[in-house]
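Only one structure is covered here, and it is reproduced in the block below.
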Amino acid sequence: MTIKTYFSVGGRSKQMRKGSKVSVDGYARKLHKLYASVNGYSKLIFDDGDMQPFETIVYYQDDPAMPYKTMTTNATTLSLSTFWNNGVPYIQQLPYDGPEGGYFGRLPSRWIRGVRIGSCVEKLSSFLTNLKTSDNVPGIQMPVYIPDTVGQGEGFSVSTAGFMFSSSSFNQPLFLGSKFTYIGNGFMRECYNFNQQFYLPPKTEKIGSSFMLDCRKFNQDLIIPQTVTSIGDTTSGSVYAGAFLRDCWDYTSTVDFGNLMPGIFAQNVRWDCFATTKSDARCYTEGIKIKVAPENLNYWRTAFPNNDGTRNLYRKIIWIVE
């Protein structure tokens, strides 16, 4: 790349080069790629020239007081989660292309600290789930980047369905490949402590149900790409067929829908979107800001009226037009 990137070392400016290291959780780690926000989208501003690995690299620890270790897997369907057996945490790897689709690669007494997804990965299934703070799981300590190679660059629902479900320890930068078109059901549901700026891929067409449901601390502006045609999933059979930003207690930021019409939400999924069950949550006492085109304002107001407790839900929206 022609762009040169610099950072401070010992009070002096140093250029980032291949092999540069940064501090991650107190340990020096090699920096492969660095992204920054440019006009609302993540852009690569530093690349050390290393090719994306073929195998997935998983960083873990046997002991949080010791340096990271690594394991590799060439599974084409990647599922990394934590489960517990008699108080012992395991890393669980479930590849659907394995023998009879069975479990393998249970790594006892280890904590997932990061992952670098290899080019062999075609699908993600319930990826990085169950990393709960209540279970004393230290959690991911590295940014998570989902490359375009996952889902053949088309962002199938299996690529993000259940993504980071119930991973309350996660609070790291997250980047989705720019070619993704579908955000699957349950995306980041119950990531209670996540509060990082996040950008939807610019070609997103569909967003499934329960998008960021129960992300209680999340409070960052969201830009909805103008390519989106539907939000929610009326075929899921779940009570949370909509639940877009439901119970995001601290959310008082702006969701920018641009020129989109409220018809992207089916009528039967609107009732619990932007809503909360907690009457003293900031998203209700202060309100969620929603930005729409002036000519569409009345349609949006009709689709998402304020709610003072009907069906035990509360919703307050502050409308912004330009």
Any residue in region 9-21 that is in a strand (DSSP E or B), of a type in the set (A, V, I, L, M), more than 30 Å from Ser134 (Cα to Cα) and modelled with pLDDT under 75? yes
Picking from Phe244, Phe257, Phe304, Phe265, which residue would you name as being in contact (Cβ under 8 Å) with a residue 24 or more places away in the chain and within 21 Å of Phe194 (Cβ to Cβ)? Phe244
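Would you point out the residue of region 55-84, among those that are aliphatic (A, V, I, L, M) and touching a residue at least 40 places away in the same chain (Cβ under 8 Å), that is surrounded by the fewest Cβ atoms within 10 Å (Cβ to Cβ)? Give the steps one after another, and end with the answer.
Within region 55-84, the first condition is being aliphatic (A, V, I, L, M), and the residues that meet it are 57-58, 65-66, 71, 75, 78, 80.
Among the residues that remain, those that are also touching a residue at least 40 places away in the same chain (Cβ under 8 Å) are: 57-58, 75, 78, 80.
Values: Ile57: 14, Val58: 24, Ala75: 22, Leu78: 26, Leu80: 26.
So, considering only residues that are aliphatic (A, V, I, L, M) and touching a residue at least 40 places away in the same chain (Cβ under 8 Å), the one surrounded by the fewest Cβ atoms within 10 Å (Cβ to Cβ) is Ile57.
Here are Gln93, Gln52: which of them is at pLDDT below 85 and either crowded, with 20+ Cβ neighbours inside 10 Å or at positive phi (or both)?
On the way: Gln52 fails: either crowded, with 20+ Cβ neighbours inside 10 Å or at positive phi (or both).
The conditions single out Gln93.
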The residue from Ala293, Ala303, Ala281, Ala266 that alone is touching a Lys or Arg at 6+ places or on another chain (Cβ under 7 Å) and among the small types (Gly, Ala, Ser) is Ala303
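The values are calculated or read from the model by the stated rules, or taken from the named source; none is laboratory data. Nothing here was measured: the structure is a model prediction, and the numbers come from that model. Cβ: placed from backbone, ideal geometry, glycine included. Neighbour counts: every protein chain shown.
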